[in-house]
Amino acid sequence: MTFVLPRVDPATIATFIEANINDYLLSYARLPDAVLHADATSAWVKAGVPGATVNSIVWARFQPDRIDEEIDSVLDHFRAPAVPVVWHIGPTSAPPELGSTLLQHGMAFVEDEPGMALDIEQMNDDFAESSELTIDPIDDEAGLHDWVSVWLNRAPEELRKAHFAVRRTLWLEDERPMYCFLGRWEGKPVATSMLFMGQGVVAVHHVVTLPEYRRRGIGTAMTLRVLREARERGYRVSVLTASPEGSGSYRRIGFREYCSIQRYEWEPNGRS
């Protein structure tokens with residue numbers, strides 16, 4: 001490990017939140033059939049597998065007088081082969097009207113999530129954890145299969161199989177920036193979380209609990225497992241983007257909001 005951000009600085013932390021997220025999205029370019037594009041105006045990944053999660057426009061900074069031309073130029077790489085894609089808009093995206101212009105080009109608004117950060121040494125970890133819950137890192141295919149099945153518990157089987165293949169390629173390597181954790185309730189896989197290291201901070205991703213096991217503190221425990229792992233690895237700052245369901249739990253741990261990340265999606269034939 002080289003650079004480690006020593007603390008949350010409100011004046012600059014949004015830059016690190018966005019940069020870490022960008023690193024995570026660009027990690028899909030390591031897939032065997034992936035196409036990576038990066039120049040002065042945009043960066044995007046076409047992963048070679050279905051699903052908007054792994055195909056993304058990571059960032060874009062266009063001149064206002066060229067915004068329509070630039071958007072079409074980027075989207076054509078996904079429209080022609082009918083590949084679903086998510087466009088991410090963070091604090092450094094430009095121009096300000098990028099989001100509204102994406103709507104005019106056939107993309108659909110998906111979400112606007114707060115970008116949050118935490119000084120790990122100051123986190124509140126005084127939460128009761130049930131003895132029925134065990135949390136373990138994933139280091140084999142059987143565990144990864146259970147992880148994907150919980151994470152995508154509402155998704156079609158075809159999509160779960162595709163994502164298992166993706167995660168097997170990226171997440172079981174010896175040297176990797178991400179680590180998965182699986183929560184089991186009385187031995188049954190019920191929850192997921194993931195740690196991603198980049199830009200001197202650690203991100204918490206994919207905190208998911210099966211619907212029938214929610215409101216038992218499992219999501220909080222899965223988040224704390226990532227934070228404790230990050231602390232053991234020497235990191236001082238953690239970041240994440242929060243869904244409406246998870247923001248309250250993250251705030252209780254100590255995360256605070258510093259920016260906003262918007263996402264727009266394009267699906268072939270208008271599917272969402």
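Exposure proxy shown here: for Asp68, Asp39, Asp23, the number of other Cβ atoms within 10 Å sets the order, fewest to most, as Asp39, Asp68, Asp23. Distance between the C-alpha centres of region 99-118 and region 223-253: 23 Å, rounded to the whole angstrom. Ordered by the count of other Cβ atoms within 10 Å of each Cβ, fewest first, Lys46, Lys188 give Lys188, Lys46.
Across all Cα atoms of region 1-131, the radius of gyration (one decimal) and Dmax (whole number) stand at 17.4, 59 Å. The ellipsoid that matches the Cα gyration tensor of region 119-258 has semi-axes, each √(5λ) in whole angstrom, of 23, 19, 14, with the longest given first. The H on the amide N of Ser260, modeled in the peptide plane, is under 5 Å from the matching H of Gly115, each at least 5 residues off or on a different chain. Taking θ as phi - 60° and the Karplus parameters 6.51, -1.76 and 1.60, the scalar couplings of region 132-139 work out to 6, 9, 10, 10, 10, x, 9, 9 Hz in sequence order, x denoting glycine and proline.
Counted by neighbouring Cβ atoms within 10 Å, the residues Met116, Met194 run from fewest to most as Met194, Met116. The alpha-carbon atoms of the chain define a convex hull whose volume equals 131 cubic angstrom per residue. Positive contributions from Lys and Arg (+1) and negative ones from Asp and Glu (-1), summed over other residues with Cβ under 12 Å from the Cβ of Leu195, come out at +3.
Read the figures in this text as sums done on the coordinates, not as results from a lab. No experiment lies behind these values; they were computed from the predicted model shown. Neighbour counts are summed over all protein chains in view; Cβ atoms, including those assigned to glycine, are modelled from backbone coordinates with ideal geometry.
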